[in-house]
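Novice: Pasting a structure here, questions to come.
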Amino acid sequence: MEIVLIGAGPRGLVATERLIERQKITNQFEQLNITLVDPFGIGGRVWQMNQSHDLIMNTNPDHITLFTDNSSNIDGPIVPGPNLFEWSQGAAADFINSQQVPKKEEYLAEIDTLQGNGYASRGLFGVYLNWFFQSLTTRLTKKIKLQVVIEEALAVTPQASGDAYVVTTSNRKLVADNVVMALGHCENKPTNEQIKLRKFAQTANINYIYPTQPQEYDFHKLDAGEALIIRGLGLSFFDAVAMLTSGRGGKFVRGDDGYLSYQASGKEPQIIAGSRLGVPLKAKGRNEKKNDETSSAHFFTPTWFKQTKANGGIAGAKFVQLAHHETEYVYYERLIQQKYPQIDVAEFLHQFVSASDPAEVVKQSKISLADYFDWDRLMNPAKFMGDSADPKIMAAYLKKEIDTANEGTKTGPLAAALEVFHDIRDTLRRIVDLKLLSPADYQEYFLGQFNYENSHLSVGPPAIRIDELRALVLAGVVTMLGPDMAVNTDA
């Protein structure tokens with residue numbers, strides 16, 4: 001059996017491990033040959049070991065692993081191993097010292113101070129991936145071969161026989177019985193607008209950088225004090241800012257008030273940034289959960305699935321409403337525990353789940369109007385801020401974001417509530433797999449409204465990045481524009 005696996009990032013490596021371990025217990029094939037194809041080698045494009053140390057991961061290291069354990073529902077053998085944090089405190093040092101790992105001293109210093117609840121550099125995860133791959137090579141048998149082709153896959157062509165494929169790379173053709181695609185984040189072709197901006201930049205003799213992987217941003221032509229416009233305040237924005245500030249020698253210092261201030265190096269550009277919303281993504285809450293700890297669904301229950309399937313599905317608007325209620329349930333549970341001891345939390349939650357309109361339960365309670373869960377305020381914060389382009393107003397908003405995140409994912413009402421987007425992912429996958437939404441509603445409500453809310457509220461940066469941004473705004477290094485930012489080429 002010849003298997004070509006395109007992509008040597010985390011998914012590709014996990015797929016490789018599963019193929020190896022399954023073959024070892026089943027002997028399904030007389031010979032299993034696995035070929036990993038990736039122009040960047042192990043780690044793929046995103047997780048290279050030689051990238052800037054200023055780029056950090058977006059998940060705590062004790063929640064990141066390539067191994068299975070007893071919590072896995074996967075079909076196949078369970079082969080446990082260390083998560084990223086456990087590895088950093090165990091096998092990492094020997095591996096870094098004994099292998100051709102770039103920036104050894106930086107990585108050795110990082111693992112010496114890394115916290116399970118902190119955030120590792122992306123490069124360190126790349127080292128972990130290389131260690132994992134090396135461990136796979138020690139688990140092979142005579143009936144399993146594994147090789148890596150460091151070339152770009154250009155085409156996959158089914159053969160006329162119907163039982164084989166030819167994978168064309170930049171230098172060879174590989175014949176495979178099966179091909180596994182583990183491509184990760186693929187780069188889109190430039191849009192017409194991006195092409196227009198690039199042409200304008202060339203004519204005006206200014207620099208324009210196409211959206212690409214952050215570790216590949218080319219800022220070497222950007223001099224100190226020059227103006228840089230960044231459109232978008234998502235995760236890549238924070239990567240760019242990190243490389244242009246601390247990456248150029250600036251220092252963040254934590255003050256007696258608990259917040260960061262910024263000491264400029266003098267090498268920074270003047271960063272001007274904005275987006276449609278005018279504010280960055282919500283900060284990730286300070287993690288208080290174990291890696292196998294999640295909230296249970298209270299609306300998308302087994303009974304709900306049975307009834308909805310029997311009814312032929314659910315309307316998209318109703319799906320979003322129930323997803324909102326799942327989030328609100330956790331919010332009000334924590335809020336009452338924290339602030340309203342006079343309310344029987346168990347009785348309130350029972351009524352909240354049972355009511356045809358849970359909002360009425362909230363209105364009939366002793367919860368202050370100011371404490372109501374407000375989707376509009378969450379999704380359109382600039383509307384309630386006044387002049388969000390004012391540095392003091394923006395800094396105050398960011399300070400509140402930091403405080404909310406630091407309340408914790410089990411303790412803080414809002415931080416815990418937004419964790420629900422993560423906790424019900426398996427439930428959401430089941431809704432999609434069972435086709436409980438019509439194609440039109442799936443497009444409009446799931447991929448549209450719900451995915452947009454999820455992207456803004458639950459996949460934001462670590463709180464440290466918001467703390468850094470606040471410091472940069474107060475230092476005048478970053479100027480935040482108001483909402484509805486637009487870029488055009490009008491003279």
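Novice: For residue 258, which of the numbered conditions (1) touching a strand residue (DSSP E or B) at 6+ places or on another chain (Cβ under 7 Å); (2) without any contact (Cβ under 8 Å) to a residue 12 or more places away in the chain fails to hold?
Specialist: Status for residue 258: all satisfied but (1).
Novice: Something else now. I'd like the full set of residues that are β-branched (Val, Ile, Thr) and either assigned to a helix (DSSP H, G or I) or in contact (Cβ under 8 Å) with a residue 40 or more places away in the chain (or both), limited to segment 70-121.
Specialist: Correct list: 74, 79, 96, 101, 111, 113.
Novice: Filter segment 29-51 down to the residues that are part of a strand (DSSP E or B) and in contact with an Asp or Glu (Cβ under 6 Å, 6 or more places away or on another chain) and list them by number. Show your work before the answer.
Specialist: The initial filter retains those residues of segment 29-51 that are part of a strand (DSSP E or B), namely 32-37.
Hit for segment 29-51 is 33, nothing else.
Novice: How many residues are of a type outside the set (D, E, K, R) and surrounded by 18 or more Cβ atoms within 10 Å (Cβ to Cβ) when one looks only at segment 16-40? Talk me through it step by step, then tell me what you get.
Specialist: From segment 16-40, those of a type outside the set (D, E, K, R) are 16, 19-20, 23, 25-29, 31-37, 39-40; that's our starting set.
Remaining after also requiring surrounded by 18 or more Cβ atoms within 10 Å (Cβ to Cβ): 16, 19-20, 23, 32, 34-37.
Selection size over segment 16-40: 9.
Novice: OK, next. Given 64, 56, 78, which one is more than 22 Å from residue 287 (Cα to Cα) and among the β-branched types (Val, Ile, Thr)?
Specialist: 78
Novice: Can you tell me which residues in segment 11-49 are under 21 Å from residue 84 (Cβ atoms) and in contact with a Pro (Cβ under 6 Å, 6 or more places away or on another chain)?
Specialist: Within segment 11-49, 21, 49 qualify.
Novice: Okay, next question. Which residue pairs have Cβ atoms closer than 8 Å, lie 6 or more positions apart in sequence or on different chains, and pair a first residue in segment 149-160 that is farther than 13 Å from residue 7 by Cα and charged (D, E, K, R) with a second residue that is at pLDDT 95 or above and surrounded by 11 or more Cβ atoms within 10 Å (Cβ to Cβ)?
Specialist: So the pair list comes out empty.
Novice: Still on this structure, I have one more. From the list 136, 129, which one is modelled with pLDDT of 95 or more, among the hydrophobic types (A, V, I, L, M, F, W, C), in contact with a strand residue (DSSP E or B) (Cβ under 9 Å, 6 or more places away or on another chain) and in the same structural domain as residue 16 (by TED's automatic domain parsing)?
Specialist: The conditions single out 136.
Novice: Quick one: in segment 220-240, which of the residues that are touching a residue at least 40 places away in the same chain (Cβ under 8 Å) and touching a helix residue (DSSP H, G or I) at 6+ places or on another chain (Cβ under 7 Å) is nearest to residue 490 (Cα to Cα)?
Specialist: Taking segment 220-240 first, the residues touching a residue at least 40 places away in the same chain (Cβ under 8 Å) are 222-235, 237-239.
This time we only want the ones that are touching a helix residue (DSSP H, G or I) at 6+ places or on another chain (Cβ under 7 Å), so: 230, 238-239.
Numbers: 230: 18, 238: 28, 239: 29 Å.
Of everything passing the filter in segment 220-240, 230 is nearest to residue 490 (Cα to Cα).
This table checks each residue for (1) at pLDDT 95 or above; (2) surrounded by fewer than 18 Cβ atoms within 10 Å (Cβ to Cβ).
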position	(1), (2)
405	yes, no
432	yes, yes
435	yes, yes
438	yes, yes
446	yes, no
451	yes, yes
455	no, yes
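Novice: Another question, if that's okay. When residues of segment 301-352 are filtered for being within 30 Å of residue 447 (Cβ to Cβ) and either modelled with pLDDT under 95 or not hydrophobic (A, V, I, L, M, F, W, C) (or both), how many remain?
Specialist: The total comes to 23.
Novice: Now a separate question. Of these, 123, 90, which one is at pLDDT 95 or above, surrounded by fewer than 15 Cβ atoms within 10 Å (Cβ to Cβ) and among the small types (Gly, Ala, Ser)?
Specialist: 90
Novice: While we're here: Checking the condition surrounded by fewer than 13 Cβ atoms within 10 Å (Cβ to Cβ) and more than 28 Å from residue 467 (Cα to Cα), which residue from 358, 341 passes?
Specialist: 341
Novice: Hey, residue 264 hits all of (1) surrounded by fewer than 21 Cβ atoms within 10 Å (Cβ to Cβ); (2) closer than 15 Å to residue 471 by Cα; (3) of a type outside the set (Asp, Glu); (4) within 26 Å of the chain's Cα centre (by Cα) but one; which does it fall short on?
Specialist: The one condition residue 264 does not meet is (4).
Novice: Could you check how many residues of segment 144-181 are farther than 20 Å from residue 42 by Cα and surrounded by 15 or more Cβ atoms within 10 Å (Cβ to Cβ)?
Specialist: Going through segment 144-181 one residue at a time, the tally reaches 5.
Novice: Mind counting the residues in segment 188-246 that are at pLDDT 90 or above, basic (Lys, Arg) and under 25 Å from the mean Cα position of the chain (by Cα)?
Specialist: Of the residues in that region, 1 qualify.
The values are calculated or read from the model by the stated rules, or taken from the named source; none is laboratory data. Just so it is clear, the model here is predicted, and its values are computed rather than measured. Heads up, the Cβs are rebuilt from the backbone with ideal geometry, glycines too, and the neighbour counts pull from every protein chain shown.
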